[in-house]
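Trainee: Let me begin by handing over the structure; questions about it come next.
The values are calculated or read from the model by the stated rules, or taken from the named source; none is laboratory data. Since this is a predicted model, take the numbers as computed values, not measurements. Cβ: placed from backbone, ideal geometry, glycine included. Neighbour counts: every protein chain shown.
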Amino acid sequence: MDLGFSKVTPTKKIKKWKIISSLLIILLLVWFFHPTWTPAIKNHTNSIAQLKTIEINGAKQEIMIRGVDKSKPAILLVHGGPGCPEISYVRKYQDILEENYVVVNYEQRGMGKSYSFKEDYKGISIDTLVKDLLEVTDYVRSELKADKVILAGHSFGTILGIKAAAKAPEKYHAYIGIGQAGNLWKGELESLEYSLEKAKEKSDTKDIEAIEGYRTLIENKKETLPRTFIVKYGGSYRLIDESSDLIKGILFSKEYNLFDGVKYLKGVSINGDVLWNQVKNMNLPEEVKTLKVPCYFVSGRYDYMTAINTAKEYLDSISAPKKEFVVFEESAHFPQYEEKEKFAKWLEGTCKELKIE
């Protein structure tokens, strides 16, 4: 008996799934390779919002420039890592800064959107990245018709930043080291003691034993303390979730697509170890002892990624026309994000004091 239902043949089912599969593949490809941009800043006639690739020191590198008024002072941010650029998610944290500054982020050679599958990064070096930074600075000065910019490094970026400020002080109004690197091995012992104390508070015998096991390795300058312990015990971030921000940014931001996410992972895996080995063999306080620009080290009270007391000790040893150690009481390694309103207020007051307009 025919009940009026249409019969679906095996051939029709195969065609249906072929269509669905094709659509899914197309959607995945679009997600992977969709064009990226940074949203315009509306209702401001002199605003700037650019995301583009520029040629720097023989390599293509990605740069994002945003500000409500492009005649305002420029602040150039140097990301950390090695290999951890932040363009994918940084807009949510710098919106206040964009009101009073032109905020510039760039992704370092071989990192994030700046990674190229055609390049060989075996010879990448901190010195090359410093040279890149100086050229990025010149590009920004030219693009914005600015004589000088404010230079702000974060974490690994403070190594590049303070070296650039020492090499070419005439390019910068001031240097800001956020989560400033100092004597690495002294800082690692400080981080170990912090993590050990927190593990003991929780009576975590497994962590206590594991953390203590790194003491001799650190004292002999062989191995640094795994960051998993520092993150677990609140010495990395407390008021934000950086890992979640990164994942969401790669998946959903306008500035990134999935292919950029693949490049991000490649950059970390290839360049992170090469550059980290260079960091382990340097002593920054011995390499940069003098700055000819005002110098500010900014730390979160609970920062043990680049340990706060070691950073303070480094600043005390520096000769500079003006220097200040600034502590944000509720944050760890990301005070510029964790306490973004307070950071913006501090920066505004500092710029007024320095007459940066």
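Trainee: Would you pick out the residues in region 65-103 that are more than 12 Å from the chain's Cα centre (by Cα), surrounded by 24 or more Cβ atoms within 10 Å (Cβ to Cβ) and farther than 20 Å from Lys352 by Cβ?
Mentor: Arg66
Trainee: Report yes if Glu219 is of a type in the set (D, E, K, R), outside the structural domain of Met111 (by TED's automatic domain parsing) and in contact (Cβ under 8 Å) with a residue 24 or more places away in the chain, otherwise no.
Mentor: Taking the combined requirement at face value, the residue satisfies it.
Trainee: Would you mind stating whether Val130 is in contact (Cβ under 8 Å) with a residue 12 or more places away in the chain, within 20 Å of Tyr337 (Cβ to Cβ), touching a helix residue (DSSP H, G or I) at 6+ places or on another chain (Cβ under 9 Å) and surrounded by fewer than 24 Cβ atoms within 10 Å (Cβ to Cβ)?
Mentor: It is false that Val130 is in contact (Cβ under 8 Å) with a residue 12 or more places away in the chain, within 20 Å of Tyr337 (Cβ to Cβ), touching a helix residue (DSSP H, G or I) at 6+ places or on another chain (Cβ under 9 Å) and surrounded by fewer than 24 Cβ atoms within 10 Å (Cβ to Cβ).
Trainee: Are any of the residues in region 139-146 hydroxyl-bearing (Ser, Thr, Tyr), in the same structural domain as Ile318 (by TED's automatic domain parsing) and crowded, with 22+ Cβ neighbours inside 10 Å?
Mentor: Within region 139-146, not a single residue is hydroxyl-bearing (Ser, Thr, Tyr), in the same structural domain as Ile318 (by TED's automatic domain parsing) and crowded, with 22+ Cβ neighbours inside 10 Å.
Residues checked against (1) touching a Lys or Arg at 6+ places or on another chain (Cβ under 8 Å); (2) modelled with pLDDT under 95; (3) within 20 Å of Glu62 (Cα to Cα); (4) loosely packed, with under 14 Cβ neighbours inside 10 Å:
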| position | (1), (2), (3), (4) |
| --- | --- |
| Glu242 | no, yes, no, no |
| Val279 | no, no, no, no |
| Pro285 | no, no, no, no |
| Cys295 | yes, no, no, no |
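Trainee: Quick test of your reading of the structure: Tyr314 fulfils all but one of (1) closer than 30 Å to Thr38 by Cβ; (2) among the aromatic types (Phe, Trp, Tyr); (3) in a helix (DSSP H, G or I). Name the failing condition by number.
Mentor: Of the numbered conditions (1) closer than 30 Å to Thr38 by Cβ; (2) among the aromatic types (Phe, Trp, Tyr); (3) in a helix (DSSP H, G or I), the odd one out for Tyr314 is (1).
Trainee: Separate question: Output the residues belonging to region 92-148 that are closer than 22 Å to Ile41 by Cβ, outside any loop (DSSP other than H, G, I, E, B) and of a type in the set (Asp, Glu).
Mentor: Those that are closer than 22 Å to Ile41 by Cβ, outside any loop (DSSP other than H, G, I, E, B) and of a type in the set (Asp, Glu): Glu98, Glu99, Glu107, Glu143.
Trainee: Conditions: (1) of a type outside the set (Lys, Arg); (2) in contact (Cβ under 8 Å) with a residue 40 or more places away in the chain; (3) assigned by TED's automatic domain parsing to the domain that holds Phe328. Ser244 meets all but one. Number of the miss?
Mentor: Unmet for Ser244, out of (1) of a type outside the set (Lys, Arg); (2) in contact (Cβ under 8 Å) with a residue 40 or more places away in the chain; (3) assigned by TED's automatic domain parsing to the domain that holds Phe328: (2).
Trainee: Residues to consider are Ile211, Ile250; find the one that is more than 30 Å from Phe343 (Cα to Cα) and either β-branched (Val, Ile, Thr) or more than 23 Å from the chain's Cα centre (by Cα) (or both).
Mentor: Going through Ile211, Ile250 in turn, the sole match is Ile211.
Trainee: (1) within 22 Å of Lys171 (Cα to Cα); (2) under 21 Å from the mean Cα position of the chain (by Cα); (3) among the hydrophobic types (A, V, I, L, M, F, W, C): which one isn't true of Phe334, the others all being true?
Mentor: Among (1) within 22 Å of Lys171 (Cα to Cα); (2) under 21 Å from the mean Cα position of the chain (by Cα); (3) among the hydrophobic types (A, V, I, L, M, F, W, C), the lone unmet condition for Phe334 is (1).
Trainee: Another question, then. Return the pair list, or none, for Cβ contacts closer than 7 Å from residues in region 54-67 that are in contact (Cβ under 8 Å) with a residue 12 or more places away in the chain and assigned by TED's automatic domain parsing to the domain that holds Tyr256 to residues that are of a type in the set (Asp, Glu) and assigned to a strand (DSSP E or B), at least 6 apart or on different chains.
Mentor: Gln61/Glu107; Glu62/Glu107
Trainee: Looking at region 270-323, which of its residues are touching a residue at least 24 places away in the same chain (Cβ under 8 Å) and either within 30 Å of Lys118 (Cα to Cα) or outside the structural domain of Val130 (by TED's automatic domain parsing) (or both)?
Mentor: Once the filter is applied, which keeps residues that are touching a residue at least 24 places away in the same chain (Cβ under 8 Å) and either within 30 Å of Lys118 (Cα to Cα) or outside the structural domain of Val130 (by TED's automatic domain parsing) (or both), region 270-323 yields Ile270, Asn271, Gly272, Val274, Leu275, Trp276, Gln278, Val279, Lys280, Met282.
Trainee: Considering only residues that are touching an Asp or Glu at 6+ places or on another chain (Cβ under 8 Å) and basic (Lys, Arg), which ones fall in region 74-124?
Mentor: Arg91, Lys92, Arg109, Lys113
Trainee: Okay, moving on. Of all residues in region 165-187, how many are assigned to a helix (DSSP H, G or I) and in contact (Cβ under 8 Å) with a residue 60 or more places away in the chain?
Mentor: 6
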